[in-house]
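To keep things clear, I will list the structure first and then write my remarks on it.
The values are calculated or read from the model by the stated rules, or taken from the named source; none is laboratory data. All values reported here derive from a predicted model rather than from experimental measurement. Cβ placement follows ideal geometry from the backbone for every residue including glycine, while neighbour counts extend to all protein chains displayed. To get the accessible areas, we keep the full protein, side chains included, count just its heavy atoms, and leave off ligands, DNA and RNA. Shrake-Rupley method; radii C 1.70, N 1.55, O 1.52, S 1.80 Å.
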Amino acid sequence: MTPSPNTTLLIRNARVLLPDGSFQSADVWVEGGVIREIGPNLDRFRKAEASAQAEATPTPTADTVIDAHQLPLLPGVIDPQVHFREPGLEHKEDLTTASRACARGGVTSFLEMPNTKPLTINQAALNDKLTRAAQKSFVNFGFFIGATSENLPDLQTATPTPGIKIFMGSMHGDLLVDQESSLDRIFATGTRLIAVHAEDQARIAERRKEFAGSTDPAIHSVIQDNQAALNATQLALKLSKKYQRRLHILHLSTAEEAELLRQDKPAWVTAEVTPQHLLLNTGDYEKLGTLIKMNPPIRSTHDNEVLWQALQDGVIDFIATDHAPHTLAEKGQANTTNPADEEASATTVFLEPAQVPSGMPGVETSLPLMLTQAMQGRCTVAQVSHWMSTAVAKAYGIVGKGSIAPGYDADLILVDLDNYHPVLREELQTKCGWSPFEGWNLTGWPAVTIVGGQVVYDRGEFNQQVRGRALMFNA
Ligand code: DOR
């Protein structure tokens, strides 16, 4: 269901986050999914207008009226790196469950990665994902085109897409592009954004042999070490400078990479960090084991600190979750009460840490995790919104998103910053059914999530009718 051009929504009495980072107590008037007006007492104004036109039959103020009771109203989160597993890996996640998790987490748009089955490496595969998402997704969507060593023409023509995804490391199969000659060809051809997963595959392969046989989950951070990440980031930066090619560095994880970018970051380069690389560290393996095995791996508390500072200073531009769900059985922590695991367990139960797949879910918890940091004084609410929405829209040229202003799409969230609520397994919407943050007591949970002027989530209830739209990119 997409809103008709005349459908109206009035949000009364909100603390609206404006593009300059200030909050204004105001109403927001939405028509046909687009913000038309922001100001005090729009309610009274509309009522007066309506009754002047039809004195005898009072016209409702708007088709939908929400009283925000002074909750902060933020632009919806845009998560620019997720793995939603459809098509081909739906036992872990699918577009329905993932986008429902988005709605609960305040994520109104996502950019999804190409390592599905089949891989998203040509227009046909991209079209298939766009069709599926239009039918199923509760929020707005965009899909990366994946680079192989063979699909250079597709990388130039596939559309719409936020850009080209290159796995320089940590990926098996055709999506791995780790030879400098192949990478050079991709950087040399065309102009669209290239997003890299920067890990040095050759170094990782060597170190895997060296540490073979370890049963300690923490060995993952030793094998895929800081140097492996730094090597690949240096190479991507070198190629980007050689061709002045728009480069985005996905999930920056090390102090060394942050310092490199602090010294040397051309205007056409952006970088992101995940909440887990800010908030978890190698000490957490003891409790969470393979659940926090991911690529790039969790690092030290020193890396946490340097990444935070780089984010504060604008060396890192924005936040992504790298939502990458695997079932508990796949993670070697089988739980037969989870239906997703029953399906998966017939074929995939791994117990050796080295064989456990990398990745963890994140779209449902990223905003409360970051807003909790804000409420604890680590940053401001306006900064969190900038990192999770405004800066993402700007970097990817996403049309009509990322700000609350007339003319922008009404992708909006009302968040509750006064109450704390823990991450509970039974409330999670992601199909994998777990989170490494279970038990964390968080504030800033979305009370209401609005996509294209339609309420998709309201305090635990989902509107099953709402569908997002394909994002457009003006890069
Ligand atoms: O940990 C990860 N898991 N990192 C990636 O880049 C891929 C992801 C996945 O798809 O499972």
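Can you pull out the residues in the stretch 352-395 that are within 16 Å of the ligand (Cβ to nearest atom) and of a type outside the set (Val, Ile, Thr)?
353, 354, 355, 357, 358, 359, 360, 361, 362, 366
Tell me which residues, restricted to the stretch 280-303, are of a type in the set (D, E, K, R) and crowded, with 21+ Cβ neighbours inside 10 Å. Let's see the steps before the verdict.
Pass one, the stretch 280-303, residues of a type in the set (D, E, K, R): 284, 286-287, 293, 299, 303.
Across the stretch 280-303, the qualifying residues are 293, 299, 303.
Where residues in the stretch 256-279 are open to solvent by less than 10 Å² (accessible area, probe 1.4 Å) and in contact with an Asp or Glu (Cβ under 7 Å, 6 or more places away or on another chain), which of them is farthest from the ligand (Cβ to nearest atom)?
First, pick out the residues of the stretch 256-279 that are open to solvent by less than 10 Å² (accessible area, probe 1.4 Å): 257-258, 261, 269, 271-278.
Going one step further and asking which of them are in contact with an Asp or Glu (Cβ under 7 Å, 6 or more places away or on another chain), we end up with 271-272, 274.
Working: 271: 15, 272: 12, 274: 10 Å.
My answer is 271.
Here's a check for you: in the stretch 280-315, which residue that is aliphatic (A, V, I, L, M) and over 12 Å from residue 221 (Cβ atoms) is nearest to the ligand (Cβ to nearest atom)? Break it down into steps so the answer makes sense when it comes.
First, the residues of the stretch 280-315 that are aliphatic (A, V, I, L, M): 280, 288, 291-292, 294, 298, 306-307, 310-311, 315.
The next check asks that each one be over 12 Å from residue 221 (Cβ atoms); those that pass are 288, 291, 306-307, 310-311, 315.
Details: 288: 14, 291: 12, 306: 21, 307: 17, 310: 20, 311: 20, 315: 22 Å.
This residue is 291.
Could you tell me which numbered condition residue 327 fails, if it satisfies all but one of (1) open to solvent by 60 Å² or more (accessible area, probe 1.4 Å); (2) among the β-branched types (Val, Ile, Thr); (3) at pLDDT 95 or above?
Answer for residue 327: the failing condition is (1).
Could you list, in sequence order, all residues of the stretch 346-388 that are among the hydroxyl-bearing types (Ser, Thr, Tyr), open to solvent by less than 50 Å² (accessible area, probe 1.4 Å) and either at pLDDT below 95 or in a helix (DSSP H, G or I) (or both)?
Narrowing the stretch 346-388 to residues among the hydroxyl-bearing types (Ser, Thr, Tyr): 347-348, 358, 365-366, 372, 380, 385.
Still in the list and also open to solvent by less than 50 Å² (accessible area, probe 1.4 Å): 348, 358, 365-366, 372, 385.
348, 366, 372, 385 - these are the residues of the stretch 346-388 that are among the hydroxyl-bearing types (Ser, Thr, Tyr), open to solvent by less than 50 Å² (accessible area, probe 1.4 Å) and either at pLDDT below 95 or in a helix (DSSP H, G or I) (or both).
Report, by residue number, each residue of the stretch 102-124 that is over 26 Å from residue 73 (Cα atoms) and either open to solvent by less than 10 Å² (accessible area, probe 1.4 Å) or within 16 Å of the ligand (Cβ to nearest atom) (or both). Full working, then the answer.
Step one: list which residues in the stretch 102-124 are over 26 Å from residue 73 (Cα atoms), which gives 113-124.
The answer is 113, 114, 115, 116, 117, 118, 119, 120, 121.
In the stretch 425-441, what residues are farther than 22 Å from residue 464 by Cβ and outside any strand (DSSP E or B)?
Looking only at the stretch 425-441, we keep the residues that are farther than 22 Å from residue 464 by Cβ, and these are 425, 434-441.
Answer for the stretch 425-441, where residues must be farther than 22 Å from residue 464 by Cβ and outside any strand (DSSP E or B): 425, 434, 435, 436, 437, 438, 439, 440.
Quick check on the stretch 52-101: of everything there that is among the charged types (D, E, K, R) and open to solvent by 40 Å² or more (accessible area, probe 1.4 Å), which residue is modelled with the lowest pLDDT?
To start, the set of residues in the stretch 52-101 that are among the charged types (D, E, K, R) comprises 55, 63, 67, 79, 85-86, 90, 92-94, 100.
Subsequent filtering for residues that are open to solvent by 40 Å² or more (accessible area, probe 1.4 Å) retains 55, 63, 67, 90, 100.
Working: 55: 54, 63: 92, 67: 96, 90: 98, 100: 98.
So, considering only residues that are among the charged types (D, E, K, R) and open to solvent by 40 Å² or more (accessible area, probe 1.4 Å), the one modelled with the lowest pLDDT is 55.
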